[in-house]
Amino acid sequence: MKKTSLWILISILPLFLSNGCVQGTATTSPQGQDQDSLSAGPDGFQSDPDENLTAPYFYLIARTHVNKGNLDLAERALETAIKKDEASSFLKRELIRILQARKKTDQAMALAEALAQAAPDDVENLLLLARLKKGNDPELSTILKQILKIDPENKETFLRLGKIYMDMENVTEALSLFKKMVKVFPDYYVARFYLGEALLMTGQPAKAEQAFLETLELEPELVEPRFKLIDIYQTTDPKKYQKKIIDNFHMVLETEPGNERAALELALFHYKTQNMKKADPLFTQMGQELKENPRLVMTAVDILITRKRYEDAVIVFSQLRQADPANTNLNFFLGMAHEALDHKDQAIEYYLKVTPDHPQYKKTILSIAFLYRDKGNIDEALQFLEQHHQQSPADIDILSYLASFYEDAARYNTAMTLLQRGLKTSPDNTTLLFKLGAIQDKAGLRQDCIKTMKSLIRLDPEHASALNYLGYTYAEMGILLDEALDLVKRAMKIRPDDGYITDSLGWVYYQKKEYEQAVVYLEKAARISNFETIIAAHLGDAYEKTGKLKKAMTAYQQALANAKKDQQEQVKAIKEKIKRLEKRADE
């Protein structure tokens, strides 16, 4: 039975070079002479061509080099051919394809744009330029519209322009375009499929259903439209459309007996409609096939966890696990699904069954520790991580997280000891150094913190976080403010849109008593951070210094509104500032 797939749809859209000479077949000269003998130089290219040799001659040389994989020589031959015939768009298009194959994207783009500008009504030139443009290029839709205007029956252009509209969520334009495409190509199933997609995006499921049914009338063995229909029926009324849902699953499995998505979704649908007589055998069969077909688990991950269908994931993985309880992949993904649903105890239960040979074993260990901590069992989390640190003392990741947990528990000395132990093994580890410096600061060892951050910056002069931390520390201490300004500006160059670094820059200016300049950066930092408490409080301070008391009051109130439970000291200080402002207003 002939099988048709919507991979055809997808294959139309990407940029291919297959229609150019880059994949041409072996060619002989008009005289039957093998092309290798046409190039006189030792590198296979005649570097000083006779004036009598023509552009077609060098084009044939280029094709021969392409067939042998010598794209650099092919490029040179085409350049010579173009010198012989500068008006040839064909030769320039062939050179563009060679340049693209050699990843000389800028050169290819420049030549394609020059071609399109020289002949704006040449569809071949415009199509080649469109294929080079990326989907987010603002000029692409203009080029595609121009192609459609010149050649209103160009299928590729219809599809690419429609895809751009859909990616941009300009669904009105996409719908209009695909409606027009269906009229131009009434027997083209691809047009009707995308029309159905656009109708779904515009909230018209009934019309979308009709479009997908018409797609299947043109190509009955497609599976993608059937999945779209199933989604429509399940979203609308699964009980009412139960028969249609099941029938479409069976049609997919009849067309593609190995379609794992259909098998999993059908078993899940029977389970959710409490038809266990049909659900159980399907899950049992799939569970028994897991050892021979481990890909089945990843299919379930793709259609369930990736799409955040966590409750469905718990059902499917639990059912599959009945046939293979020791399957480490099933235990891992069951733990992940339960964690996403905030079922902490169940997540821990299944994560603990994951064995050390699993590729995500370390992630599992860390997830368990975080789950213990989030349950309020910080001692249990520490004990668990300590146990694994003892088993793998050289594992820097576990050591680093263990230090962070001790930091959260305000056990700074233990955290610093751990990090210093790790730095003996990995003295250039910037992650450990930064964490050590931050904990030294929390522990009141500010000079040690400064020394550590300086060491880190010597190792990595582009470490934005360390540059910012050291600069902000100087600003808070009111010392070395010019050096602080330089440090934070260096960090800003690396991360110009970072709210915390922008706040640091504003705060340095504040400490330098350049309050107007401070306001500029603190306003930007507040916007970026959505008025994070400390940043909003800094902005209030700067407003107050510049006499903008109403703005200062608003900033302080926003700082209070966004305060977190662990910011009680900052809350107390901000309330005092508000009282001071209120008193000034009364006076």
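The values are calculated or read from the model by the stated rules, or taken from the named source; none is laboratory data. Here the structure is a predicted model, which means the values were calculated and not measured. Neighbour counts run over all protein chains shown; Cβ positions are idealised from the backbone, glycine included. For the accessible areas, the whole protein counts, side chains as well, though only heavy atoms, and no ligand, DNA or RNA atoms are used. Shrake-Rupley method; radii C 1.70, N 1.55, O 1.52, S 1.80 Å.
Residues considered: E569, E523. Of these, the only one that is loosely packed, with under 12 Cβ neighbours inside 10 Å and either touching a Gly at 6+ places or on another chain (Cβ under 9 Å) or modelled with pLDDT under 95 (or both) is E569.
Checking each residue in the range 252-301 for being touching a residue at least 60 places away in the same chain (Cβ under 8 Å) and part of a helix (DSSP H, G or I) picks out only T255. Of all the residues in the range 429-462, those that are buried (at least 17 other Cβ atoms within 10 Å of the Cβ), under 34 Å from the mean Cα position of the chain (by Cα) and not hydroxyl-bearing (S, T, Y) number 12. For the range 302-342, filtered to residues that are part of a loop (DSSP other than H, G, I, E, B) and in contact with a helix residue (DSSP H, G or I) (Cβ under 8 Å, 6 or more places away or on another chain), the residue that is nearest to N377 (Cα to Cα) is L341. Out of all the residues in the range 234-243, is one or more in contact with a Leu (Cβ under 8 Å, 6 or more places away or on another chain) and in a helix (DSSP H, G or I)? No, the conditions are met nowhere in the range 234-243. The set of residues in the range 534-587 being without any contact (Cβ under 8 Å) to a residue 40 or more places away in the chain and β-branched (V, I, T) consists of I534, I535, T546, T554, V571, I578. Just one residue in the set S465, S426, S529 is modelled with pLDDT of 95 or more, among the polar types (S, T, N, Q) and either open to solvent by 10 Å² or more (accessible area, probe 1.4 Å) or more than 22 Å from A403 (Cα to Cα) (or both); that residue is S465. Residue count for the range 538-549 under the criterion of being open to solvent by 10 Å² or more (accessible area, probe 1.4 Å) and either part of a helix (DSSP H, G or I) or touching a Phe, Trp or Tyr at 6+ places or on another chain (Cβ under 8 Å) (or both): the result is 7.
Taking the criterion of being surrounded by 17 or more Cβ atoms within 10 Å (Cβ to Cβ) and out of contact with any Lys or Arg (no Cβ under 8 Å at 6 or more places or on another chain), the residues of the range 319-334 that qualify are Q319, L320, R321, A323, N329, F332, F333. The condition (being over 35 Å from the mean Cα position of the chain (by Cα) and either aromatic (F, W, Y) or modelled with pLDDT of 95 or more (or both)) is satisfied by just one residue among E576, E544, E514: E514. Restricting A381, A369, A415 to residues that are part of a helix (DSSP H, G or I) and within 30 Å of P294 (Cα to Cα) narrows the list to A369. Out of the residues in the range 128-144 that are surrounded by fewer than 17 Cβ atoms within 10 Å (Cβ to Cβ) and of a type in the set (S, T, N, Q), state the one that is modelled with the lowest pLDDT. If we take residues in the range 128-144 being surrounded by fewer than 17 Cβ atoms within 10 Å (Cβ to Cβ) and of a type in the set (S, T, N, Q), then N136 is modelled with the lowest pLDDT. Total residues in the range 184-214 satisfying the condition of being part of a helix (DSSP H, G or I) and either closer than 19 Å to V171 by Cβ or of a type in the set (G, A, S) (or both): the figure is 20.
With respect to E86, determine if the residue is under 13 Å from L111 (Cβ atoms), without any contact (Cβ under 8 Å) to a residue 24 or more places away in the chain, open to solvent by 20 Å² or more (accessible area, probe 1.4 Å) and assigned to a helix (DSSP H, G or I). For E86, the condition - under 13 Å from L111 (Cβ atoms), without any contact (Cβ under 8 Å) to a residue 24 or more places away in the chain, open to solvent by 20 Å² or more (accessible area, probe 1.4 Å) and assigned to a helix (DSSP H, G or I) - is not met. When the range 145-182 is filtered for residues that are open to solvent by 80 Å² or more (accessible area, probe 1.4 Å) and either in a loop (DSSP other than H, G, I, E, B) or aliphatic (A, V, I, L, M) (or both), the ones remaining, listed by number, are E153, M168, E169. Taking the criterion of being within 14 Å of M298 (Cβ to Cβ), under 27 Å from the mean Cα position of the chain (by Cα) and of a type outside the set (A, V, I, L, M), the residues of the range 312-352 that qualify are F317, N329, F332, F333. Of all residues in the range 550-578, those satisfying the criterion of being in a helix (DSSP H, G or I) and of a type in the set (S, T, N, Q) are T554, Q557, Q558, Q568, Q570.
Filtered by the rule that a residue be among the charged types (D, E, K, R) and either farther than 24 Å from K451 by Cβ or outside any helix (DSSP H, G or I) (or both), the range 471-502 gives K493, R495, D497, D498. Just one of the numbered conditions (1) buried (at least 20 other Cβ atoms within 10 Å of the Cβ); (2) at pLDDT below 95; (3) out of contact with any Gly (no Cβ under 8 Å at 6 or more places or on another chain); (4) within 27 Å of A438 (Cβ to Cβ) is not true of A555: (3). When E380, E386 are screened for being without any contact (Cβ under 8 Å) to a residue 24 or more places away in the chain, open to solvent by 10 Å² or more (accessible area, probe 1.4 Å), in contact with a Phe, Trp or Tyr (Cβ under 8 Å, 6 or more places away or on another chain) and within 30 Å of H338 (Cβ to Cβ), only E380 passes.
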